[in-house]
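Chemist: Submitted below is the structure of interest, expressed as structure tokens.
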Amino acid sequence: HLHETDYCKYDNQLLTLFTSSLYFAGLVSTFGASYVTRNKGRRASILVGAVSFFLGGAINAGAVNITMLIIGRILLGAGIGFGNQAVPLYLSEMAPAKHRGAVNQLFQFTTCMGILIANLINYKTDKIHKWGWRLSLGLATVPATLMFVGGLALPETPNSLVEQGRLEEAKRVLVKVRGTPNVDAEFADLIEASDAARAIKHPFRNLLQRKNRPQLVLGALGIPAFQQLTGMNSILFYAPILFQTLGFGSGASLISSVLTSGMLVLATLVSMALVDRFGRRAFFLEAGFEMFCYMIAVAITLAFKFGEGETLPKAIGWFLVVIICLFVFAYGRSWGPLGWLVPSELFPLETRSAGQSMVVCVNLLFTALIAQCFLVSLCHLKYGIFLLFAGLIFIMSSFIFFLLPETKRVPIEEVYLLWKDHWFWKKYVEDDDEKDIKKPTT
């Protein structure tokens, strides 16, 4: 410890393994979730995820060693894999096109509310010695129970019912959720999309076809990976540790975590209210510029004022808290909710469950990698880690600017038409369409 810098105080692989084990488990479970979501329905995946999450919370509450804690985390991760697979699809398929952005972002909003409530619980249970941590971890069974009961009460989505051949039930549900009997055009689109989906025996292989290159690059790979490479989850996972490293006490660091998660909730409400008016691209690009500036500001401040055992002046510490909160606010109205909304809009029905599995898999892979690598990177790169995140934010904003068309208010089964008018993607879609036309019929 004689040569330890402030950046390396918490470089502990057991700590990071405990954090990242949940996301590695979610990564693996998402492939099983894809099968269940496509063949048994969206509700079935929600129910399986709820049961797994309940068991994980119960085991963690009763853990007597680190092995039990990690087993509990793995079950929680499986629950996240199933939930992340099914819930964004469920919301996108149930929502009318003009409100799909706001409805889908309920997923991110409730996630952010969960983070805020968890931080408030941690702040209170931190004062209960010996068993407070058990209460904190065990309370995960409460949302798991609510998720299970809600899953039993929900109807299946019309898209999934059509996919399973239950046409009359699908039309009844569609009439109910749209609030009008005039659903014939939308129902016809669902049947047409389902017929195309039924012809696809290997949806993962189909996702690799040239005509699906836009969905693969944007929805399945680019957006979910970049969502984690913003550096946001590093701040959320390790906010108490980060603020302790910056010189705050344990109580103050937990309060700072509550503050950042509160900003996340507020930002999601802003995004829900405005994303269907201003569009997905505008939120991505404007917030990306802000996030880039904030990361540069954090790096410069730490470069001059932090490092070799010197306590940060209180004014500088609170300046960093404000900058981090502004960063969280920018992320919370852009890459946070849109990282789930936009991919759920891009895939046609025949590859939707496979595509969403790829989204969840890539997202959780990068989440786990960031969780595993952040503290050791902070130790070795020091303030440079924030410059690295700033560079990644510039790259991902450019990715959005050049490659993502606007999807606001486009019916979900007509999003594929956007690729035919896009300056870059149209050559992939048109070339593939021409090949299909030239194929001789037998």
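The values are calculated or read from the model by the stated rules, or taken from the named source; none is laboratory data. The model shown is predicted, which means the values in this text are computed figures rather than measured ones. Here the Cβ is made from the backbone with ideal geometry for all residues, glycine too, and neighbour counts use every protein chain on show. Please note that ligands, DNA and RNA were not included when accessible areas were found on the heavy atoms of the full protein model with its side chains. Shrake-Rupley method; radii C 1.70, N 1.55, O 1.52, S 1.80 Å.
Chemist: So which chymotrypsin sites (Phe, Trp or Tyr not before Pro) in the range 130-201 end up in coil per DSSP with only 11 or fewer other C-beta atoms within 10 Å? Each step should come with its number before you reach the end.
Modeler: Working: sites: W131, W133, F148, F187; in loops: W131.
Here the chymotrypsin sites (Phe, Trp or Tyr not before Pro) that fit, given the DSSP loop and packing criteria, are W131.
Chemist: Below 8 Å, C-alpha to C-alpha, sequence gap of six or more: please give me the relative contact order for the chain in percent. Please report the intermediate quantities before stating the final value.
Modeler: Numbers: 675 pairs, mean separation 117.0, N = 442.
About 26 percent, as a whole number.
Chemist: Also: Using Cβ-Cβ distances only, list the Cys residues of the chain with no partner cysteine under 4.7 Å, sorted by number.
Modeler: So far as the 4.7 Å Cβ criterion goes, C112, C293, C325, C361, C373 stand without a partner in the chain.
Chemist: Charges on Cβ only, +1 for Lys and Arg, -1 for Asp and Glu, centred on the Cα centroid of the chain; of A315, A297, W133, which one is farthest towards the dipole's positive end?
Modeler: Looking along the dipole axis, the top candidate is W133.
Chemist: Could you give each residue of the range 261-278 its phi-based ³J(HN,Hα) in whole Hz, using Karplus coefficients 6.51, -1.76, 1.60 with θ = phi - 60°, and x for Gly or Pro?
Modeler: Along the range 261-278, the couplings run 6, x, 4, 5, 5, 4, 5, 5, 4, 4, 5, 4, 6, 10, 5, 7, 8, 9 Hz.
Chemist: Please tell me which of these pairs span more than 32 angstrom C-alpha to C-alpha: K40/K408; K98/K124; K40/K98? Intermediate values should be presented prior to the final figure.
Modeler: On the way: K40/K408 29 Å; K98/K124 41 Å; K40/K98 28 Å.
Violating the 32 Å limit, Cα to Cα: K98/K124.
Chemist: Follow-up. Towards the positive end of the charge dipole of the chain, with charges on Cβ (+1 Lys, Arg; -1 Asp, Glu), say which of Y416, L27, P348 has the farthest Cα.
Modeler: Value: L27.
Chemist: While we're here: What is the dipole size for the chain, taken about its Cα centre, with +1 at each Lys and Arg Cβ and -1 at each Asp and Glu Cβ, in debye to the nearest 20? Walk me through the numbers before you get to the answer.
Modeler: Numbers: 39 positive and 31 negative charges, 106 e Å.
Computed charge dipole of the chain: roughly 500 debye.
Chemist: Quick one: angle between helix 167-178 and the longest Cα principal axis of the chain, in degrees between 0 and 90, rounded to 10, please.
Modeler: Value to nearest ten degrees: 60.
Chemist: Restricting to DSSP H runs of at least four residues, report the calculated mean residue ellipticity at 222 nm for the chain, -39500 (n - 2.57) per run over all residues, nearest 500 deg cm²/dmol. Intermediate results must be reported in sequence, preceding the final value.
Modeler: Values: 22 runs with 335 residues, N = 442.
Helix contribution divided over all residues of the chain: -25000 deg cm²/dmol.
Chemist: What is the helix-to-structure angle for 13-39, meaning the angle in degrees between its Cα long axis and the longest Cα principal axis of the chain, kept from 0 to 90 and rounded to the nearest 10?
Modeler: In the chain, helix 13-39 runs at an angle near 10 degrees to the longest axis.
Chemist: Could you compute how much accessible surface R172 exposes when probed at 1.4 Å, giving the result in Å² to the nearest 10?
Modeler: The accessible area comes out at roughly 150 Å².
Chemist: Please give the contour-minus-distance gain from L388 to I117: 0.36 nm per residue of separation, less the Cα-Cα distance, rounded to one decimal in nm.
Modeler: On the way: separation 271, 0.36 × 271 = 97.56 nm, distance 3.06 nm.
Length difference between fully extended and current span is 94.5 nm.
Chemist: In addition: GluC sites (Glu not before Pro), restricted to the range 303-405: which are DSSP loop and have at most 14 other Cβ atoms within 10 Å?
Modeler: Values: sites: E308, E310, E345, E350; in loops: E308, E310.
For GluC sites (Glu not before Pro) across the range 303-405 that sit outside H, G, I, E and B with at most 14 neighbouring Cβ atoms in 10 Å, the list reads E308, E310.
Chemist: Then there's this: So how exposed is H380, as accessible area in Å² (1.4 Å probe, rounded to 10)?
Modeler: The accessible area comes out at roughly 130 Å².
Chemist: Once both labels are modelled 7 Å past Cα along the beta-carbon direction, what's the R134-A303 spacing in nm?
Modeler: 5.0
Chemist: Moving on. For L274 and L152, compute 0.36 nm times the residue count separating them, minus their Cα-Cα distance, and round to one decimal in nm. If you can, show how the numbers build up before the last one.
Modeler: Values: separation 122, 0.36 × 122 = 43.92 nm, distance 3.15 nm.
Roughly 40.8 nm would be gained on extension.
Chemist: In Å², what does the accessible area per residue of the chain work out to with a 1.4 Å probe?
Modeler: On the way: 19470 Å² over 442 residues.
On a per-residue basis, 44 Å².
Chemist: Take the alpha carbon atoms of the range 78-117, find their center, do the same for the range 143-207, and report the distance between the two centers in whole angstrom.
Modeler: So the separation of the two Cα centres works out to 16 Å.
Chemist: Counting only protein heavy atoms and a 1.4 Å probe, tell me what percentage of the chain's accessible area is made up of carbon and sulfur.
Modeler: Working: 13160 of 19470 Å².
Of the solvent-accessible surface of the chain, carbon and sulfur hold 68 percent.
Chemist: Would you calculate the separation in nanometres between label points at L221 and L369, each defined as 7 Å from the Cα along the Cα-to-beta-carbon direction?
Modeler: 1.2
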